[in-house]
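Right, one structure below, let's go through it.
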Amino acid sequence: MWTCVDRDGTLLDSDKSVWFQGRAGWMFATMFNTVEQNPLWLEVAQSCVDFLDRCAAPIDHAEGTQALSHLLSRRNGEAVPKLYFTVTRDAKPLRMRRYYYSESFAAIAYAAMAKATQVDRYHQAAVGMLEVFLRSILDKSKAEPKTDPRTRPTRGIGPWMIAMATAQELRANLGDVSVYGKSCSEWIDRCIEEIDQSFFKRELGVLMEVIGLDGEVLDHFDTRQLNPGHAIECAWFILHESRIRSDARLQKLGLDILDCMWQRGWDQEYGGLFYFRDVYDKPVQEYWHDMKFWWPHCEAIIATALAWKLTGDEKYQQMHADVHAWSFEHFADREFGEWFGYLHRDGRKSNTLKGSVWKGPFHLPRMLWYCAQL
């Protein structure tokens, strides 16, 4: 799938995001599984998964097959090569990033396709890809740290919240299968415990992005930096789990994170969500800190809708109405459809970009689909 397109769908770059082969494959297969068995949706999902199979990883031809899912169905995740981040149109490798998110998005694509097609190797591939991702979290030698750990060792929330969401998707599509020695539900518990005990600072009213090894807040630009949209996305993952389990403790945790990060992130002057904030309200070094990106608003629409659904509290109804109205007024393109990706603080378009290697058919359609399901 191409994702680098201008406002009217004109192709801007033919390079392909491996992230989005997985994300789009999951999205279209999920629509097929839950909304309508539209053969076109399944065809698109199959195309994305086929590209993952052929082109996402440097697989040795000596293996006898180029299909990643075949490799995963025969061996455990430890033996699988790391996936690329971007490749050319014809699948020549361009970039392999230090983290393992391509693997997590491949896992959810394979899981949704396993449900859609009943092909067993996709089931096995989903389990194997999640194992690869979990190994990257637990084995520090797998993922190269952003800073020298001898000087300033840190931990990030991203892998834990994505592991939680990935395990939720595997459980939804495959059942509560065992991955790397634990069930999906047990991995979800582990992720929530890490987030609650280490990253959520109730005394500061904040969900941290980066902490020290012992959970401490480190007083530097990168480690003080908050991403309200990311934290609100984490909140709805937890609220989603609380709804499945009818768990009041998890519901309170999700609501507490949503409440405090809404206070941190909502722009009282212009509306919309700031991209970055500082835990101590100091200046943020990134120049785009006060811009409005499309994806945090998608996550906030889901989080507030889910909070309202679970509690019936008019506060969340109003929060949902505010972020929904601001988002559709400023991001939506009424001429060509879809959403613009990047706005200035006051809601003016930064450019006409509709897609890139970072923006594709995931956050917006996931939000529309999830809220429709609610």
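Of the helices (runs of 4 or more DSSP H) lying entirely inside region 1-104, those containing at least 2 residues that are modelled with pLDDT of 95 or more and within 22 Å of the chain's Cα centre (by Cα) are 18-34, 39-55.
Check whether at least one residue in region 229-243 is at pLDDT 95 or above, assigned by TED's automatic domain parsing to the domain that holds ARG171 and at positive phi, and report yes or no.
Here is the first cut: in region 229-243, the residues at pLDDT 95 or above are 229-243.
Checking the rest, the ones that are also assigned by TED's automatic domain parsing to the domain that holds ARG171 come to 229-243.
In the following step, the residues that additionally are at positive phi were identified as none.
Within region 229-243 (the criterion being at pLDDT 95 or above, assigned by TED's automatic domain parsing to the domain that holds ARG171 and at positive phi), the answer is no, since none of the residues qualifies.
Restricted to region 1-34, and to residues there that are β-branched (Val, Ile, Thr) and more than 20 Å from TYR122 (Cβ to Cβ), the residue that is surrounded by the fewest Cβ atoms within 10 Å (Cβ to Cβ) is THR10.
Any idea which of LEU204, LEU170 is outside the structural domain of TYR101 (by TED's automatic domain parsing) and buried (at least 17 other Cβ atoms within 10 Å of the Cβ)? Give the derivation first.
Working: LEU204 fails: buried (at least 17 other Cβ atoms within 10 Å of the Cβ).
Every option except LEU170 fails the conditions.
Among the residues making up region 331-353, those that are assigned to a strand (DSSP E or B) and of a type in the set (Phe, Trp, Tyr) are TRP339, TYR342. Does LEU138 fit the bill of being within 22 Å of the chain's Cα centre (by Cα), buried (at least 20 other Cβ atoms within 10 Å of the Cβ) and not assigned by TED's automatic domain parsing to the domain that holds GLY360? The answer is no for LEU138. A count restricted to region 240-297 and to residues that are touching a strand residue (DSSP E or B) at 6+ places or on another chain (Cβ under 9 Å) and not in a helix (DSSP H, G or I) stands at 20. Here the condition is being surrounded by 19 or more Cβ atoms within 10 Å (Cβ to Cβ) and of a type outside the set (Lys, Arg); of TRP288, TRP295, it holds for TRP295 alone. Consider ILE192 carefully, then state whether it is among the aliphatic types (A, V, I, L, M), in contact (Cβ under 8 Å) with a residue 40 or more places away in the chain and over 30 Å from GLU43 (Cα atoms). Yes: the conditions hold for ILE192. Within region 298-322, take every residue that is out of contact with any strand residue (DSSP E or B) (no Cβ under 9 Å at 6 or more places or on another chain) and of a type in the set (Gly, Ala, Ser) and give me the one that is surrounded by the fewest Cβ atoms within 10 Å (Cβ to Cβ). Filtering first and then ranking leaves GLY312.
The values are calculated or read from the model by the stated rules, or taken from the named source; none is laboratory data. Computed from a predicted structure; not experimentally measured. Cβ coordinates were reconstructed from backbone atoms using ideal geometry, including for glycine residues, and neighbour counts include every protein chain displayed.
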